[in-house]
Amino acid sequence: MYQQAAEFIASKLHSKPQIGLVLGTGLNSLADAIEDAVVIPFSEIPHFPVSTVHQGNLVAGRLNGKAVLCMQGRIHFYEGYSMQQLGLPIQVMRVLGVKTVILTNASGGICESYFPGEIVMLSDHIKLAPESPLCGKNPEALGERFFDMTTAYDQELRNLAKEAAEELGLPLPEGVYAYMGGPQFETPAEIRALRVLGADLVGMSTVPEVIAARHCNVKVLAFSCVTNMAAGMKQGGLDKAVIQDAERRGQNDMLKLLTKVVEKL
Ligand code: HPA
């Protein structure tokens, strides 16, 4: 399936992409900065899952002079897709030539020092859900059955992102991201449990893609926009309007950071 999807996309592209980008909630506008863009709706690509919550396009072109392939909108487990389907776009990127993916998401902050609107770089993750995008027959052409996740979030790329953030005068703390399936937000008890386990952030995406990327030896860099403090950390419940406001505030910094990082790759 990933081969057929990749062949279809390759027939539309002008050049071979080097960098894959996955844009999370509130970040779709980065795709508008891509030059010489070829836009392919997910719905036209064979076997590609179609996002039900975001705009769903694959946008290929140049960002700061680099050939990028960007998922404008992503798909989530809570939409009813299997973990394997969540990994497929990354496998397709790999076949098309992508060596590095930059993943973005929105998350709840568990670490007390974070604030809504802040950008945090992922240093590691915790996935409590048993499913993996690599469940089932192993696609040997892409990678091995058992693979290492010790350095899933590439240290060299993180160093480079730190440099980029310094140049922009942007604080860029690092944190451990806990993957929860959603679509419901967590309970306060779940957040307390995740804190004890060592999580700094919580969200409903990214980890399936990271796993698929490491399986096929694609390097990973991931950034999160903290849109709210996680459940139970502040008086009252989680307010969607407040979350969306933080998303908007974080968007500018995220766009600047991604553009700078891509320039340095
Ligand atoms: N939990 C899970 N996912 C999220 C959150 C949260 O608090 N905020 C934004 N995405």
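The values are calculated or read from the model by the stated rules, or taken from the named source; none is laboratory data. Quick caveat: nothing in here was measured; it's all calculated off a predicted structure. Reconstructed Cβ throughout: ideal geometry from the backbone, glycine too, with neighbour counts over all protein chains shown. Just the protein is used for accessible areas: all its heavy atoms, side chains included, with ligands, DNA and RNA removed. Shrake-Rupley method; radii C 1.70, N 1.55, O 1.52, S 1.80 Å.
Structure notes:
- Only helical runs count toward this figure. For the chain, summing -39,500 (n - 2.57) over DSSP H runs of n ≥ 4 and dividing by all residues gives -10000 deg cm²/dmol at 222 nm.
- Taking the stretch 177-199 and a reference point 7 angstrom along Cα→Cβ of residue 78, the backbone N atoms nearer than 19 Å belong to 177-195.
- Of 29, 265, 122, farthest towards positive along the dipole that unit charges on Lys, Arg, Asp, Glu beta carbons give the chain: 265
- Entries in 99/240; 127/162; 16/260 that, when Cα-Cα distance is taken, lie over 30 Å: 99/240
- Of 10, 71, 92, farthest towards positive along the dipole that unit charges on Lys, Arg, Asp, Glu beta carbons give the chain: 10
- Gain in span if fully extended, residue 15 to residue 192, counting 0.36 nm per residue against the direct Cα distance: 59.0 nm
- Ligands, DNA and RNA excluded, the heavy atoms of residue 148 present near 100 Å² of accessible surface to a 1.4 Å solvent probe.
- Between the stretch 61-114 and the stretch 136-196, the C-alpha centres lie 12 angstrom from each other.
- Kyte-Doolittle at least 0.5, axis length at least 15 Å by Cα - qualifying DSSP helices, the chain: 83-96
- Fraction of accessible area attributable to carbon and sulfur, the stretch 114-192 (%, probe 1.4 Å): 57 percent
- The antiparallel fraction among DSSP beta bridges confined to the stretch 7-151 stands at about 55%.
- DSSP bridge orientation in the stretch 2-264 - percent antiparallel, rounded to nearest 5: 40 percent
- Accessible surface for the chain, divided over its residues, is 43 Å² per residue with a 1.4 Å probe.
- Listed residues 183, 235, 220: farthest to the positive end of the dipole of the stretch 2-264 (Cβ charges): 220
- Sites excluded, GluC sites (Glu not before Pro) in DSSP loops with at most 13 other C-beta within 10 Å, longest stretch of the chain: 145-265
- Bins of 5 Å, starting at 0 and running to the largest distance - Cα pair percent for the chain: 1, 6, 14, 18, 21, 18, 12, 7, 2, 1, 0
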